[in-house]
1. Under 18 Å from a point 7 Å along the Cα-to-Cβ line of ASN176: which residues of the range 106-131 have their amide N that close?
2. Highest mean first, how do 217-227, 85-95 rank when packing is the count of other Cβ atoms within 10 Å averaged over residues?
3. Apply 1/(1 + (r/R0)^6) to the Cβ-Cβ distance of LEU95 and LEU206, taking R0 = 30 Å, and write down the FRET efficiency to the nearest 0.05.
4. Do any of LYS121/LYS241; LYS121/LYS193; LYS193/LYS241; LYS128/LYS193; LYS123/LYS193; LYS100/LYS121 go past 26 Å between their Cα atoms, and which?
5. For the range 95-138 and the range 193-228, what is the separation of their Cα centres, given in Å?
Amino acid sequence: MAKVQIKSEKLTLFGGIFSIMEQFDSTLSSAIDSTLGLRCSSFGYQYSEIIRSLMSIYFCGGSCVEDVTTHLMKQKVPITCIALGGLTVAFLCQLIHIEKPAYLANVSIGISLYTLGYLWKEKQFYKKYASIAIALYLGIMIIWPSHIDLRNNTLCGNSIYILAIVFSISGCIVINNLLRYLPKLQIINYIGKNSMLYYVTHMLILELVMLIPFEQLGISGYVVFVIMCASCLILPPMIRKIFLFVNPAKLSSIKKPE
C-alpha cells in the first residue's frame, strides 16, 4: 500500500516543529511550571524546559543538521556559502533579537559549525592553521574575553558576538590539536568512538543529577560542576551495559567501533 503524506502549507521547516514549540511556550510552559512548581532559582532547568527538550528530541531526531548539510552539498552549494550563511542568520537573530522560532539561530549556527568541521577536518592540524587558532584563542582570551551560549545564541557579559564565535571555533581547533599529540588515553579514545552515546545521554544525566538537593547538602560551586562532569563521563557506559544486559538480542545488531 502506498503511503500518503498530507502536508499543510502553514507548517514550517522540519515538519512544523517550530510552530509546535511556539504553541508549547505560549500555552503549556506556564501551566507545567505553575502545577509542578519551580525546580531551581539560580541554575538548572525548569520542568517545562525539560519536557520541551524531550519533545524536540523525539519529534526532530538527532540528525537534522547533518541531513540539511548533506542535501545542500548534493545541490553543489559552495561549502563556504553554507558556513557563512548559517553564521549570518545566527548573527542577525542575536543582533535584532529574533527569538522565535526558537531553533532558528541554533540550527543555523549548528549547520555552520558542522560545515566548518567538514571543511577543516584535515587542515586544522596543519601547523600554519593551528598556530593561527592558538594566536586567536589566546588573543581574545587576554584582550577581550567573549563567550556565547550556543544553545540559545546568547552572549555572556560584555562579549562581542564575532569574537565569541571566533573564540569558540579556535578553541575547538586548539583542543583537537592538543588531543592529537597527547599520549593515547583509553578514556579519550572511548569517548571519541562513542560520542553519539554521550551526546544522547548527557542531558538526561545532567537533569537527574540536578535532582540531588545540593544546596540543602551544603554542596555548591566547583564541587557540583565536578560531580556533573564525572556523571556524564561514567554513567553513559553503565547505561550501555545495562541496555545490552536487559536486551541481549540488541548486542548482535550493534556494530563495534573500528
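1. 109-131
2. Ranking, from highest mean packing down: 85-95, 217-227.
3. So, using R0 = 30 Å, E works out to roughly 0.50.
4. The pairs that break the limit, which is 26 Å between Cα atoms, are LYS121/LYS241; LYS128/LYS193; LYS100/LYS121.
5. About 26 Å separates the Cα centre of the range 95-138 from the one of the range 193-228.
A short reminder: the numbers here are calculations on the coordinates, not readings from a lab. Computed from a prediction, not measured in an experiment: that's the story for all the values here. As a convention, Cβ positions derive from the backbone with ideal geometry for all residues, glycine included, and neighbour counts pool all protein chains shown.
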